[in-house]
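To start, the structure itself, in structure tokens.
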Amino acid sequence: MGMRLRPGIILLVLLTLVLAGFLAHRIWLEGFGSFSPRPDSIHPRPVVELFLEREGGLMTIRGNASLDKPLPESCKLIIKLSNNSSEPSVRRDFAAGVFLALEGAEVKGCRLRGFTDAIGVSEDCSIRSPINSTMIELFADELGPWQSIEAELHLLREKGSSCVLIAYRGWIMDEDDLVLEPVSKVREHYIARYPPEGYPDNPPDSRWAGKDFLKYEVYRVAICSP
């Protein structure tokens, strides 16, 4: 006759199996699941909006625009970067950002509201303070799904200038998908851009680093007195 197990022993064996399964699951999550996510071919979707202060209100600017409206000598410009996607950015320096170039005005003040840093870029493409600059880059070290961040710039129009020209673009680095950078032959994070990529003129990689960063496409806004 076979030996019969008592209910207490059976319960102990079942609890041990459950605990072992739970520990194995935790080890898998912490040992493997915390590594970088697997590529999924889903990318962030950056969108940049500009909000120009005029007569006590804010005028929204999207994409290319031409406005026949006088710009005051001093005004506020709010820059908003949104990730309109379920795919987050990578978590690292310069994970997302906005580039802005001005003609007929310069930056006199900068207030970060979600961005982590700002730099100015001189005419020879060297880094300088954003104050008194006509080219500025705003950076964030993370931008999650459906998240938005802002920065506020105080602009001063140049004396005698009847037009202010603004060129701008945005980007977000994908957290998991990699692309081959054809110059360095290194695989790097896919960079979603705004305006969207139009290969090869606006590639989803960083081949145009350093002084060549100006080659990426931009949206343009002209604000002129009638």
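Things to note:
- Whole-Hz couplings from phi, Karplus 6.51/-1.76/1.60, listed for the stretch 178-191; x for Gly and Pro: 10, 10, 8, 7, x, 7, 7, 6, 10, 7, 9, 5, 4, 10
- In Hz, Karplus ³J(HN,Hα) per residue of the stretch 205-217 (6.51, -1.76, 1.60; θ = phi - 60°; x = Gly, Pro): 9, 10, 4, 9, 8, x, 5, 7, 4, 5, 6, 5, 5
- 5 angstrom amide H check on Asn84, placed H, neighbours 5+ away: Arg45, Val47
- Cα pair distances in the stretch 129-169, grouped into 10 Å bins until the bin that holds the longest one, percent each: 17, 48, 25, 10, 1
- A simple count of charges around Gly63, restricted to other residues whose Cβ falls under 10 Å of its Cβ and scoring Lys, Arg +1 and Asp, Glu -1, yields +1.
- For Asp40, neighbours were defined as the other residues whose beta-carbon sits under 10 Å from its Cβ, and their charges (Lys and Arg +1, Asp and Glu -1) total -4.
- Counting neighbouring beta carbons within 10 Å and listing from fewest to most, the residues Phe99, Phe94 come out as Phe94, Phe99.
- Ranking of Ser126, Ser86 by count of other Cβ atoms within 10 Å, fewest first: Ser126, Ser86
- Antiparallel content of DSSP bridges confined to the stretch 46-224, in %, to 5: 95 percent
- Those trypsin sites (Lys or Arg not before Pro) in the stretch 89-168 that DSSP places in a loop and that have at most 10 other beta carbons within 10 Å: Lys159
- Note that the stretch 63-130 shows a convex hull volume over its alpha carbon atoms of 142 Å³ per residue.
- For Leu178, the residues whose modelled amide H falls within less than 5 Å of its own, excluding neighbours fewer than 5 places apart on the same chain, are Tyr190.
- Cβ crowding within 10 Å ranks Tyr194, Tyr219 as Tyr219, Tyr194, fewest other Cβ atoms first.
- For Gly114, the residues whose amide H sits under 5 Å from its own are Glu150, ignoring neighbours fewer than 5 places away on the same chain, with H placed 1.01 Å from N.
- Cα point-scatterer Debye curve for the stretch 74-226, base-10 log of I(q)/I(0) at q = 0.15, 0.20, 0.21 Å⁻¹: -0.80, -1.32, -1.42
Read the figures in this text as sums done on the coordinates, not as results from a lab. What you see is a predicted model, and the numbers here were worked out from it, not measured in a lab. Ideal geometry is used to build each Cβ from the backbone, glycine not excepted, and the neighbour counts take in all protein chains shown.
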